[in-house]
1. Kindly provide the trypsin sites (Lys or Arg not before Pro) of the stretch 46-116 that DSSP labels as loop, not H, G, I, E or B, and whose Cβ sees at most 16 other Cβ atoms within 10 Å.
2. Using unit Cβ charges (K, R positive; D, E negative) and no other charged atoms, how large, in debye to the nearest 20, is the dipole of the chain about its Cα centre?
3. Run the Debye formula on the Cα coordinates of the stretch 276-327, all scatterers equal and no solvent, and tell me log10 I(q)/I(0) at q = 0.27 1/Å.
4. Does the stretch 337-471 classify as rounded, prolate or oblate by the C-alpha gyration tensor (a ≥ b ≥ c root eigenvalues; a/c under 1.5 gives rounded; else a/b over b/c gives prolate, otherwise oblate)?
5. Note the per residue figure in Å³ for the convex hull of the C-alpha positions in the chain.
6. Loop only per DSSP, at most 12 neighbouring Cβ atoms within 10 Å: give me the GluC sites (Glu not before Pro) in the stretch 511-584, ordered by residue number.
7. Assuming a ≥ b ≥ c are the square roots of the Cα gyration tensor eigenvalues, decide whether the stretch 116-178 counts as rounded (a/c under 1.5), prolate (otherwise, with a/b larger than b/c) or oblate.
8. Quote the relative contact order of the chain in percent (integer), defining contacts as alpha-carbon pairs under 8 Å separated by 6+ residues.
Amino acid sequence: MTPTIAHVALPVPLHKTFDYLVAHDMPVVGGRVRVPFGKQYKVGIVSGLGNTSEFPLEQLKPINAVLDTAPLWTPPLYKVLNWASRYYQYPLGDALATVMPGALRKGKPAHREREKCWQLTESGKTQPLAALTRAPKQARVLSLLRHGAMSHSALLEEELNSTVLKTVEEKGWIEAVEEKAAKPWQQGYAVVEEKPKLNHEQAMSVATINANPEFACYLIEGVTGSGKTEVYLNLLEPVLKRGQQALILVPEIGLTPQTINRFKRRFNVPVVVLHSALNETERLNAWLAARDNEAAIIIGTRSALFSPCKSLGIIIVDEEHDASYKQQDSFRYHARDLAVMRGHEENIPVVLGSATPCLESLHNAKTGKYHHLTLSVRAGNAVKTQNGVLDIRGLYLEAGLSAPLIAEMRKHLSQGNQVMLFLNRRGYSPALMCHECGWLAECKRCDAYYTLHQSSNELRCHHCGSQRPIPHQCESCGSTQLISVGVGTEQLEAQLSTLFPEYKTIRIDRDNTRRKGSLEAYLNAIHNKEYQILIGTQMLAKGHHFPDVTLVALVDVDSALFSNDFRAPERLAQLFIQVAGRAGRASKPGYVLLQTHHPEHALLQSLIRKGYDTFAADALKERQQAHLPPYSYFALLRAEAHQSHEVEQFLHQARTALEAFPIHDEDCAVMGPAPAPLHRRAGRYRWQLIFQAPNRRILQQRLSVALPSIRQLPLAKKVRWSVDIEPQDMS
Ligand code: ADP
Ligand code: ZN
Ligand code: ZN
């Protein structure tokens with residue numbers, strides 16, 4: 001029977017689909033339709049077709065337009081998206097809208113519009129350029145086109161304009177033609193760069209992975225500079241040779257021209273890069289190129305995982321431990337986990353690479369779910385960095401720096417090297433205090449102190465973003481003696497120029513790298529040794545190599561050792577290993593120093609003495625004893641409202657719903673409701689509830705039973721709340 005009813009997933013925050021009558025055109029499952037919704041029209045995805053509806057037929061409205069004649073996604077990807085919507089408890093319509101290019105969301109056609117091209121006419125070909133000395137732009141048009149037709153936009157990029165092109169056209173020298181479909185890249189595939197001979201471990205890794213083109217997950221644990229990227233390049237060879245595509249995920253900050261160029265240089269195949277700066281048309285074209293297998297290599301951050309590659313051969317997740325793979329709001333998916341899922345559905349290998357794999361992946365490698373491959377030798381025989389712990393108990397600190405550290409800095413700087421300092425605290429100081437009475441400038445809307453930002457002359461709340469001028473007087477006693485407490489990157493920068501006036505200092509954090517291209521420019525300046533002292537938050541630790549940095553100091557590690565986030569020590573260890581790996585070179589070994597009040601801390605000791613692997617093994621043991629991930633699976637219910645008791649009450653009711661599950665499983669637990677670590681933010685009281693399950697299946701099962709009834713609670717409409725499955729950030 002021909003279907004008469006379409007179930008449509010619309011981009012609305014409701015966990016259901018909507019039924020519409022099929023009109024003249026037959027929609028397809030996974031394709032877009034435009035439908036009336038309330039007083040407007042919305043673009044949605046057909047999630048199913050049938051002949052029945054729970055509503056009377058006469059209440060259903062017809063579909064307004066069928067926008068696609070084929071599904072937008074390949075079957076394996078569509079399956080992953082459906083799974084992700086269920087697992088991360090995010091409405092399907094919203095999830096699908098999130099992962100499609102904006103142009104498609106608006107209903108634009110899902111095919112590439114061929115561009116207008118220009119070519120020389122017979123008369124244009126014979127036109128002597130010398131006769132055009134007084135019209136240099138026209139001459140340039142002719143000379144460029146003598147090499148063959150060019151697209152309109154490519155000509156505009158040569159600093160020509162539409163008026164010139166029109167003039168030349170009117171003279172009868174050029175004519176517009178349709179863009180020719182490019183020759184399939186598969187026909188010209190070749191390795192076009194001299195490549196290094198792989199060392200034994202690299203060759204082993206490549207051989208292991210390439211031996212089987214079917215699904216398996218590989219964890220490549222390779223110290224920084226051990227040639228992981230070189231391994232990736234070798235993995236791509238057989239894939240591309242078969243005419244298949246490769247999808248490479250990199251962390252947000254890792255999408256640098258250097259990385260991209262390595263892939264572009266090696267093969268003569270089209271590479272598309274998906275990054276946040278693309279405009280709507282560019283994004284759509286990249287998406288279409290992936291879908292139609294016109295792009296052979298797709299590189300991008302987190303959301304590139306949803307590129308609808310027609311013929312995918314491998315997925316690589318570089319720096320797999322990076323926190324940016326987890327989306328922190330709305331559709332809270334984890335791109336690494338979904339990459340494994342997608343690889344499974346596509347039946348292709350998935351490669352996770354890192355110098356500091358996350359504990360979850362190491363656990364999977366240990367239990368045999370992933371194949372564990374190691375690269376232990378640094379290419380080019382670079383020597384290992386040395387480490388030291390600086391016990392700062394009782395020492396006087398100048399801008400957070402102890403005298404031994406300052407002396408060490410002086411030593412390295414005087415030898416013409418660079419020094420890098422890490423401090424994960426932006427601003428001048430984390431608080432402003434009255435010296436007379438101890439009053440602290442506190443955000444009116446949050447349970448937090450204002451951060452002092454001297455450069456912009458204001459107090460800023462890092463939690464709600466509110467700001468105000470720096471007060472001149474204490475609000476409690478009226479004293480004018482206001483002092484800053486604690487050290488942020490801004491203060492460190494100011495103090496260092498006093499301590500080391502003969503050296504230039506640069507600070508790199510989110511405050512001064514917002515502008516596009518500014519980070520690149522700073523990094524180049526650092527490479528050119530325009531600066532000797534580099535200060536940064538962990539942003540500086542990712543993806544960049546600093547051969548002239550011989551001393552790295554982590555100014556304050558204590559906050560990570562005693563954080564209420566159980567992942568803080570893991571992140572500290574990763575930061576430590578990452579920076580150690582990026583400093584120095586063979587002829588200039590690096591030295592990494594940590595300042596701490598707790599030099600005897602067990603995790604710190606295992607990290608410093610025995611390295612990341614031992615640290616990770618110890619940390620995993622601790623997690624196991626405490627029933628923490630990866631030994632259990634968390635779902636975090638966050639809720640907030642202006643009335644604290646309403647939030648608490650809502651989460652109590654949610655708890656009851658979670659515990660009302662018919663099959664009582666011993667291994668599940670509910671913790672809370674408890675006030676969130678930051679109890680009040682932007683005037684709202686925040687509470688949280690943690691649900692803990694022994695595995696993903698039970699987690700999903702319980703939530704999919706409990707959440708529908710939680711959504712029905714009257715308070716669910718009064719408080720703002722969300723579910724975060726396997727949260728990365730518990731604050
Ligand atoms: P990673 O990705 O692990 O940091 P890379 O692949 O970037 O390491 O390699 C680090 C450096 O060593 C690069 O300059 C790379 O060209 C070089 N390299 C990698 N493998 C080899 C090899 N087998 N022989 C020589 N040089 C290599
Ligand atoms: Zn605030
Ligand atoms: Zn005071």
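1. LYS106, ARG114
2. The calculation lands at about 1080 debye.
3. -1.13
4. oblate
5. With only Cα atoms used, the chain gives 230 Å³ per residue.
6. In loop regions of the stretch 511-584 (DSSP not H, G, I, E or B), the sparsely surrounded GluC sites (Glu not before Pro) are GLU530.
7. It is oblate, given that a/c is not under 1.5 and a/b is not larger than b/c.
8. Once normalised by length, the contact order is 10 percent.
The values are calculated or read from the model by the stated rules, or taken from the named source; none is laboratory data. Just so we're clear, the structure is a prediction, and the values are computed from it rather than from any experiment. Reconstructed Cβ throughout: ideal geometry from the backbone, glycine too, with neighbour counts over all protein chains shown. Remember, those area values only see protein heavy atoms, side chains included, never the ligands or the DNA or RNA. Shrake-Rupley method; radii C 1.70, N 1.55, O 1.52, S 1.80 Å.
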